[in-house]
Amino acid sequence: MKRTITKSILAGFLLILVSPLVGQNDDLPYESGSTGADGPLTIPRTFGDRHAIAYCYDEANDNIVLHGGARYNAGFQNKTLLFNGTEWINADPETVVSERYHADMVYDRTSANAVLFGGHRADGTRMNDTWIWDGNNWTEMNPANRPSPRWLHEMVYDSVSGRVLLFGGLTQSNGNLVDLWSWDGANWTQLVTTNTPRGGNYGSQDHDDMFFDPVNNRLVLYNESYRETYVLDLTTYTWATLPTAVKPDVGSNIKIAYNEAEGYALLAGGSSNTQTWKFVNDEWLQLSPANPVGYAYAYGIVYNPDSVEYPIYRFYGLNNTNTFQSTYGWDGDDWHYIVGRQYYFDMTAKPDGVWNFTTIHVPQAVDVYFTRNAANTPVTWLASEGVTIDGRIYVDGQHAWYNDLAGNNARGGPGGYDGGLGGVRIDVSGTPAATSGQGPGGGIAPVGQDANGTPGRYNGVYGNRLIQPLLGGSGGSGGTSGANRNAGSGGAGGGAILISSSRDVVVNGGIYARGGNAQAQAPDHNGRYGGGGSGGAIRIVADRILGSGALNANGGDSFGGSSFDGGGGRIRLEAYYRPISGNATPTPSATAPMDTDAFLNDRQLWIANVAGEPVGDNPTGSLANPDVIFAQAGEITVTVQSLNIPVGTPVSLRITTETGVIELPALNAPDVTIGQDGSAVFTATVPAGLGTLQATAEFSLQ
């Protein structure tokens, strides 16, 4: 059950037309009403994808320093980034090190600087330059001796001898190198080793990684091609194969970090799986974290001796053709998401969904998603100062494939409604029945077997161009099943979001309130279609609404043709200057700011009693965990309660059952209105089974 109120504003208003020449720094008269009690909304910054990076933990400055790498289909990079445990920032040094790919970097405790060497430049040149990072700027070194140009080499700090060690890599022609060099802070010296392991796919970060073991004064290298562990004794400089009972099989581009405090090394997957391995007491042990990190290669992993919470961090990388931008912390038992492209805004602390911020900033390269509150309210962000959306905000409804045969519905975005379930094959369930989509415009489940679902259309069903109240989209219904085939389910409705600022709202990224796509076919890949979810609602109120970003409240797509489209949602822009209008889909309604009570929660409508049983607070309307079960067919009464809604206001009731939808009052029947006690009572005849109830009142604000 979902409580909704529709309020039509009938009073006239003055439409103020303002010249586009209004200065963008002028403080115009609109006030959002934000108290600022929630302070600024500051979302941790991150940067776009990158992999094959050079990095280390800078102990003197207590941050991770990262340089270069490549972005997927966007070329090599020359930025230096810093991670402070919460977010990534651009170091913006005065001296810029050229772009490079698969260089390496290590922290030199002796000089208290980070040391970067070599790499692969965009023009194909392999380099052998040496750079020092002092926490603020880069300085190029000019040693008398240096290793040959290379990339994909490996560097560690030898804490016993107080030196940096460099091993292997690939030449200009991609030949394997297996030489060992040391850096003393001013010069490179080659070290002669014996009993070098087999050649080919050895000495290259593509296929192995190494760490320094201070307890045994040795280098330990694991090669994924041969699945062998090698050790180099740094007293005799002799390599040896270390027999282990288990040999990790994790794919290429592995990375290893050594936890000095605990005396173990951690390997966090490779290019083929999400496994996490520990090397301790000369054996590999596979761990079972509850939250394994998605597989990637050419990522970063580093030990942080100053962190009690997360002694090891993993970040960035490449996952087939998808980029891996997240940063995770390892607490010794499990991985924890810290920051990345996905930021989840938790709504559970605000039952009404209203926040009173001072400023709002969504950084570039960040996508904001929402954890719905118990009442599934829309998102209302009020700001007393400016709002800048450089990233993207998503209140989309889920696609229909989030439905499943266990009865879990695709969920609407915040303030939006769930999609309906497709019918289960008749030879299994005994019935072709589907369920209807949720919401005032939810798609009605078809009757009979082998029928396509219907969309949760928004336009023409409910709501108005003023988006008062702020209301999300409805879900599409499922299709009905056949004799031996399941049917597709319905997409969920897009959510609803209001952003209001006493200054300007600048959208350079995007705000999306789209309906979920219908399921083309059931999980067994046959059967009828479900219906698409309708688009939700986006309302922005400010002095000016600026930026080059996108606003999108389209309905969900279907795969059976345009007749299955969920229907577009609504977008409303209220500002004295709003050039962003041309980037909105569907076409928005737009005026100067209007004086409304849309931000207040002083008028409420809820279903209080069904068939003599009281309904608890915040019913979910979920068919997987129903609020109401009609134990038997027959006549029931439903009591709808109101707060601050005028006596005599007509109320409508929509009962969605497993066999259809009941609309009350029926066509040509007398209105059911709110009485002196604030209640309205309905009588309905319902079938046995699950039911979802939704009440709506529409009245005028004087």
Practice item. Using a 1.4 angstrom probe on the protein heavy atoms only, line up Asp27, Asp233 by accessible area, largest first. Key: Asp27, Asp233
**Study point:** Solvent-accessible area, 1.4 Å probe, carbon plus sulfur percent, for the chain
**Key:** 47
Check your understanding: When ligands, DNA and RNA are left out and all protein chains stay put, how many square angstrom of accessible area per residue does segment 266-336 have with a 1.4 Å probe?
Key -> 38
Practice item. Would you please report the Å³ per residue occupied by the convex hull of the alpha carbon atoms in segment 287-376? Key: 158
Check your understanding: What distance in nm separates the simple spin-label points at Ser161 and Asp282, each placed 7 Å from Cα in the Cβ direction?
Key -> 2.2
**Study point:** Label-point gap, in nm, between Asp123 and Val308 - each point 7 angstrom along Cα→Cβ
**Key:** 5.2
**Study point:** Dipole magnitude of the chain, debye to nearest 20 (Cβ charges: Lys/Arg +1, Asp/Glu -1, about Cα centre)
**Key:** 1820
Check your understanding: Mind checking Rg over Rh on the chain, alpha carbons, Kirkwood formula for Rh?
Key -> 1.08
Review point. Using 1/(1 + (r/R0)^6) with R0 = 45 angstrom and r between the beta carbons of Thr110 and Lys350, what's the FRET efficiency to the nearest 0.05?
Key: 0.30
Practice item. Could you order Trp183, Trp606 by accessible surface area, starting with the largest, using a probe radius of 1.4 Å? Key: Trp606, Trp183
Check your understanding: How high is the FRET efficiency between Glu698 and Thr637 when r is their beta carbon distance and R₀ equals 30 Å, given to the nearest 0.05?
Key -> 0.85
Practice item. Consider just the alpha-carbon atoms of segment 411-468 and return their Rg together with their Dmax, both in angstrom. Key: 14.0, 48
**Study point:** Residue-averaged [θ]222 nm for the chain, counting only DSSP H segments that reach four residues, each worth -39500 (n - 2.57)
**Key:** 0 deg cm²/dmol
Check your understanding: Under the Karplus relation 6.51 cos²θ - 1.76 cosθ + 1.60, θ = phi - 60°, what is the ordered set of whole-Hz ³J(HN,Hα) values for segment 183-195, x standing for Gly and Pro?
Key -> 10, 9, x, 9, 8, 9, 10, 7, 10, 8, 10, 10, 6
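Grab the Cα-Cα distance for Leu191 and Asp333, subtract it from 0.36 nm times how many residues apart they are, and report the gain in nm with one decimal.
47.3 nm
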Review point. Could you give the length gained on full extension between Ala144 and Asp92, defined as 0.36 nm per residue of separation minus the Cα-Cα distance, in nm?
Key: 15.8 nm
Review point. How much of Glu31 can a 1.4 Å solvent probe reach, expressed as accessible area in Å² and rounded to 10?
Key: 120
Study note, to complete from the structure: The correct ranking of Tyr237, Tyr57 by accessible area at 1.4 Å, largest first, is Tyr237, Tyr57
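The values are calculated or read from the model by the stated rules, or taken from the named source; none is laboratory data. Nothing here was measured: the structure is a model prediction, and the numbers come from that model. Every residue, glycine among them, receives a Cβ derived from its backbone with ideal geometry; neighbour counts consider all protein chains shown. Accessible surface areas use protein heavy atoms only, side chains included; no ligands, DNA or RNA. Shrake-Rupley method; radii C 1.70, N 1.55, O 1.52, S 1.80 Å.
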